[in-house]
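Everything below concerns the one structure shown next.
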Amino acid sequence: MNSPEQPGAVQVQDFPGGIVLPDNKAQSLQQPIRPGGLPPELWLPLQQHLGQPAITVVSEGDRVLKGQLLAAAQGPDSVPVHAPTSGLISAIAQRAVPHPSGMSDWCITLIPDGEDRWRERQPLPAYLELERDQLLARVHASGIAGLGGSGFATGRKLDSTRGHQIHQLILNGVECEPYITADQALMQERAEEILEGLALTAHLIEAKQCLIAIEDNKPAAIQAMQGALARHREDNSQLQRPTEIVVIPTKYPSGGEKQLIQMLTGQELPHGTLPADIGILCHNVATVAAIYRAVVHDEPLLSRIITLTGEALADPGNREALLGTPINYLLQQAGQDQAATRHLIMGGPMMGFELPSSQVPVVKTSNCLIAATVQEMPPAPPAQTCIRCGQCEQVCPMTLLPQQLLWFAQGSEHHKAEQHNLFDCIECGACAYVCPSHIPLVQHYRHSKGVLRKEQAEQASANRARERFEQRQARLEREKAEKEARRQARAEARKARQSETPAATGSPEQAPTSAEIAAPVDTQMLEQRREQAMAKREELLERLSAARDQALASTPQLERALAKHEQRLAALDQKLADARTPAQGQTP
Amino acid sequence: MIDASVLIPLLLAIGALLLLALVFGGLLGYASIRFRVEGNPLVEQVDALLPQTQCGQCGHPGCRPYAQAIVDGEAINKCPPGGERTIAALADLLDVEAPPLDGEHGQEQPQRVAVIREDECIGCTKCIQACPVDAILGAAKQMHTVIESECTGCDLCVEPCPVDCIDMLPIETTVRQWYWDKPASGVLIASDRRGSL
């Protein structure tokens, strides 16, 4: 058993590259976490995660309770959406969502009634007795997506451990990006909740060891977590696995999953594999706290902690905002100086994106909102030509060749960039940060990735179209062949009959009964007539549809003609059936 | 008369070479039968580059027949849905000059999808028979609808519709397909502020 008094059980290693950034975290840590308030409207996008959007299960005008399911997950990568408070569904429509494109997407608008009335809940304190699949189902249904910023469906991530022995469950409390303090505040104030979540998650995936990684620039968080861990040990709680708090040096981007794994275990995650494949699972501290609340208290993910910071805010700090809270409502509360706000950035300054408008909601992945002044984030100087200094290569945490990738991206040779492992790029922005020519390297990579993804999607749909086309061709061929075979069989039967009939007159002892002769002839003829009638019906239908379309006076006549024809067809069918039954009855 | 000491090594060398030639000839002959490639693999490669719209604008009943025709020497610029990109890829594969798109077969345009105005549909099944990829769902006298994800935008269903209730609509980019634009290329002289003055 490890304990905090035994440091060094985990040898912290370094990852290549990385940069040290001014952290700018103190501004938002002056105050404890405050509630984000109840805005007049909540806008809930159907997609707040990676993967397929959820499907609405409520309609406009419905009254909903807090925690009620509004949109159900569509497949394992999808995540459901719940009502953050009780109220009225006023609209289900397209509206602006927090996305770098500034585009609209489907959102549910909820007008809170202020009562905050819960749906019926089924708390589950004795989760240790539950099966893994039951717990997983509960996590799936609770709408949790990675709260660190990736938005990957948490249930899916936990499920990825199926069939793998997990040696280490890593809790990511690193939060390496400047300005963001949401996880730090959570660790300082709700360490117990995080440890409960850790215990639950470790139980669920049967992890052998738990590691909690925190950067050394967060002493208060480290202390709070260590205190909580010591209390847990004394209480002989449900955290039955060896657990250790690992303090790692401050270096961006140590919070990246691959980088963190490399720091704690020395293992490099091979290209195209998941951490579960090498027996590791990483979760953000806020995510496991949400898992705890979802499983034990039956509270789906309804709110999240978001850091409001930047020099344009008079009162920065962390708020626990309901999902769907409009950004401008939060900014107003934080005393935003609208005139001084030059940039409005969602996420951190390195990996976040500029919001085209403040009329967008808080979503599950919104960890930070920076309202920056010009002095704080001056406009980027114009990009100049690459001088091949090689600094980008020095800082790349994935040991890629940023300069080489830039040439390919600039020259639209995206496939060559792909061969140089473009898709291993984590878009941390370290290369662009150090570039003395101010080249927006990451933007180039993002564009290249976008082009390649689009091409892949097109190729996939082309392959599908080819397959469908070939299947259709094969089907048509088959149908044609079958038809031909039937026609030939009929012709042969007729021939056989013709040769039989004269022979029958010649030798009376072999003469078949009249019914035997009559039946085949009858069916033959009837079948032919029926085919003709069908063709005529088609023609009539066509003429009728044309007449209807042009509103011709002949429409009623045609309708009558069709009805008559249908009757005739039915009579023919009846005759055919009658003719067949005796024929079948006589032939053994 | 050639000396035997010269003749023997000479004959030995010739004999050895002859033996080797026979062995390798036999091996190659066997391999050419044993590992024979069925069909022309080039057709497959060309077919893989075509957009699989199956629209027939090139004058062939589908992409594969056109791929076969290209291998047989037909021009590579008859595919409007593929456009310049397909022509460039084909030229690259076949190592020929990339000609501009042959306007006779149509113009390149953004990908579209067929949409049936469902209340006007009379259920005649004509579009279903025309669709090369079975992307239209319906039955006689029942309303038809297009499976959007499978529609290649080939236009072939528009013509047979007796009531003209099929529209070809451009596919709109949503949040899920959007991707970052290419950053503007850098200026050579950083102090050049012509735009901002």
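Numbers at a glance
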item: Output for segment B:90-112, where each listed residue is surrounded by fewer than 12 Cβ atoms within 10 Å (Cβ to Cβ) and either in contact with a Gly (Cβ under 8 Å, 6 or more places away or on another chain) or among the acidic types (Asp, Glu) (or both); result: B:ASP92, B:ASP95, B:GLU97, B:GLU104
item: Single residue of A:PRO249, A:PRO242, A:PRO178, A:PRO219 found to be surrounded by fewer than 20 Cβ atoms within 10 Å (Cβ to Cβ) and either outside the structural domain of A:ALA137 (by TED's automatic domain parsing) or within 30 Å of A:GLU129 (Cα to Cα) (or both); result: A:PRO242
item: Scope segment A:111-146; condition farther than 25 Å from A:LYS208 by Cβ and surrounded by 22 or more Cβ atoms within 10 Å (Cβ to Cβ); matching residues; result: A:SER142, A:GLY143, A:ALA145
item: Test for B:LYS182: is it free of Cβ contacts under 8 Å to residues at least 60 places away in the same chain, surrounded by fewer than 17 Cβ atoms within 10 Å (Cβ to Cβ) and in contact with a helix residue (DSSP H, G or I) (Cβ under 7 Å, 6 or more places away or on another chain); result: yes
item: Set A:LEU124, A:LEU110: member being at pLDDT below 90 and not aromatic (Phe, Trp, Tyr); result: A:LEU124
item: Criterion: in contact with a Lys or Arg (Cβ under 9 Å, 6 or more places away or on another chain), buried (at least 22 other Cβ atoms within 10 Å of the Cβ) and closer than 30 Å to A:HIS140 by Cα - qualifying residue of A:ALA312, A:ALA321, A:ALA372, A:ALA276; result: A:ALA321
item: Segment A:56-76, residues that are in contact with a Lys or Arg (Cβ under 7 Å, 6 or more places away or on another chain) and surrounded by 15 or more Cβ atoms within 10 Å (Cβ to Cβ); result: A:LEU65, A:LYS66, A:GLY67, A:GLN68
item: Number of the condition not met by A:ILE170 [criteria: (1) farther than 18 Å from A:ILE280 by Cα; (2) aliphatic (A, V, I, L, M); (3) at pLDDT 90 or above; (4) not in a helix (DSSP H, G or I)]; result: (1)
item: Only one of B:ILE76, B:ILE87 that is outside any loop (DSSP other than H, G, I, E, B), buried (at least 18 other Cβ atoms within 10 Å of the Cβ) and among the hydrophobic types (A, V, I, L, M, F, W, C); result: B:ILE87
item: Some residue of segment B:120-132 being facing chain A (nearest Cβ under 8 Å), at pLDDT 90 or above and within 23 Å of B:GLN57 (Cα to Cα); result: yes
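One line per residue, one yes/no per condition, for (1) of a type outside the set (Asp, Glu); (2) away from chain B (no Cβ under 14 Å); (3) more than 20 Å from B:GLN142 (Cα to Cα); (4) in contact with a helix residue (DSSP H, G or I) (Cβ under 7 Å, 6 or more places away or on another chain):
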site	(1), (2), (3), (4)
A:THR523	yes, yes, yes, yes
A:ARG530	yes, yes, yes, yes
A:MET534	yes, no, no, no
A:GLU538	no, no, no, no
A:GLU542	no, no, no, no
A:ALA546	yes, no, no, no
A:ASP549	no, no, no, no
A:PRO556	yes, yes, yes, no
A:LEU562	yes, no, no, yes
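The values are calculated or read from the model by the stated rules, or taken from the named source; none is laboratory data. For clarity, every value in this text was computed on a predicted model and none was experimentally measured. Heads up, the Cβs are rebuilt from the backbone with ideal geometry, glycines too, and the neighbour counts pull from every protein chain shown.
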